[in-house]
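Heads up, the thing below is written out as structure tokens.
The values are calculated or read from the model by the stated rules, or taken from the named source; none is laboratory data. In this text the structure is predicted, and so the values were computed from the model without any measurement. Cβ atoms come from the backbone with ideal geometry, glycine included; neighbour counts cover every protein chain shown.
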Amino acid sequence: MDFLTMVLYILLAFMLLRVLLAIRRGKLPPGPTPLPVLGNLLKLGAQPHQSLAELAKVHGPIMTLKLGHITTVVISSSAVAREALQKQDLAFSNRSIPNALHAHDQYKYSVVWLPVANRWRSLRKALNSNIFAGSRLDASQHLRCRKVEELIAYVRKSCQGGAVVDIGRAAFRTSLNLLSNTIFSVDLANPNEDSAKEFKDLVWNIMVEAGRRICPGLPLAIRTVPVMLGSLINSFDWKLEGGIAPKDMNMEEKFGITLQKAQPLQAIPRPVGV
């Protein structure tokens, strides 16, 4: 078989594969043509959220991608997302379960992974009624105040020593301890250590959800985040590490299920008015 014949066979096989993929796609939304085996993985690049936004300009607000052998439908429009997550949320509520969670059947007992059925509804109701209900959160206001006071004490210690504060990490430790105290009545992280860092990296990759699967702890977050932010802003004056001007701050993103800054926000607290 000469070289030209081999090339023709390869081209013919590739065209046949494209036809078969088009047939299999059926009623799925349009999308870029996938490569064999890899699918559309190479189109995602280092910043998939930006790549998906560019692809949406070509293929529309709802499109189909092949990520390896997994068929994925991507929604890039707020109107379509609202339709999927609010009006059709039951159809989109369940999810693929990682193989690691099958080892000891952990997925069968977790509100995170259970399908929307009787057991999931019972666990969800228990969370909403006994832990994150408005009356319960109002009753635990003193707990939030104490954790915010501990955050301010930690930052004040850094202020006295002229040390840099990693704002995201400090806020995460406070949030983690507040949540663990709400549920278990214990701290999971020492505010003066980095014991929460690995846990933060894990939690950062947990799916952010809406619709039927919206996070049951959202009412707690709504009560906590503004208080933490307001306390940090009003208790100290701040300057960026290295004397960087705010307009020169690095705002590059690091991709994840939720976006975060590629370079953590680090600032030096100073006494107010000094």
- Task: For Q160, work out the one condition from (1) surrounded by fewer than 12 Cβ atoms within 10 Å (Cβ to Cβ); (2) in a loop (DSSP other than H, G, I, E, B) it doesn't fulfil.
- Result: (2)
- Query: Residues in the range 84-99: is at least one touching a residue at least 24 places away in the same chain (Cβ under 8 Å) and of a type in the set (S, T, Y)?
  - Reply: yes
- Say we look at the range 52-73 and pick out the residues that are β-branched (V, I, T) and buried (at least 17 other Cβ atoms within 10 Å of the Cβ); which of these is nearest to N40 (Cα to Cα)? T64
- Task: Would you be able to tell me the number of residues in the range 25-42 that are in a helix (DSSP H, G or I) and in contact with a helix residue (DSSP H, G or I) (Cβ under 6 Å, 6 or more places away or on another chain)?
- Result: 0
- Looking only at residues in the range 114-153 that are within 23 Å of the chain's Cα centre (by Cα) and assigned to a loop (DSSP other than H, G, I, E, B), which one is nearest to I167 (Cα to Cα)? F132
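Yes/no per residue for (1) touching a strand residue (DSSP E or B) at 6+ places or on another chain (Cβ under 6 Å); (2) of a type outside the set (D, E, K, R); (3) closer than 23 Å to N40 by Cα:
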| residue | (1), (2), (3) |
| --- | --- |
| S76 | no, yes, yes |
| K87 | no, no, no |
| S93 | no, yes, no |
| S96 | no, yes, yes |
- Query: Give me the pairs: first residue in the range 104-117 and under 16 Å from I214 (Cβ atoms), second residue of a type in the set (V, I, T) and in a loop (DSSP other than H, G, I, E, B), beta-carbon distance under 7 Å, and six or more apart or on different chains, which are they?
  - Reply: W113/I97
- Query: Does R212 fit the bill of being at pLDDT 85 or above and either surrounded by fewer than 17 Cβ atoms within 10 Å (Cβ to Cβ) or part of a helix (DSSP H, G or I) (or both)?
  - Reply: no
- Message: Return the residues of the range 128-145 that are of a type in the set (D, E, K, R) and surrounded by 14 or more Cβ atoms within 10 Å (Cβ to Cβ); say none if nothing qualifies.
- Response: R136, R144
- Scanning the range 250-274 for residues that are of a type in the set (A, V, I, L, M) and surrounded by 13 or more Cβ atoms within 10 Å (Cβ to Cβ), which turns out modelled with the lowest pLDDT? L265
- Go over the candidates G31, G26 one by one and state the one that is modelled with pLDDT of 80 or more and not assigned by TED's automatic domain parsing to the domain that holds K261. G31
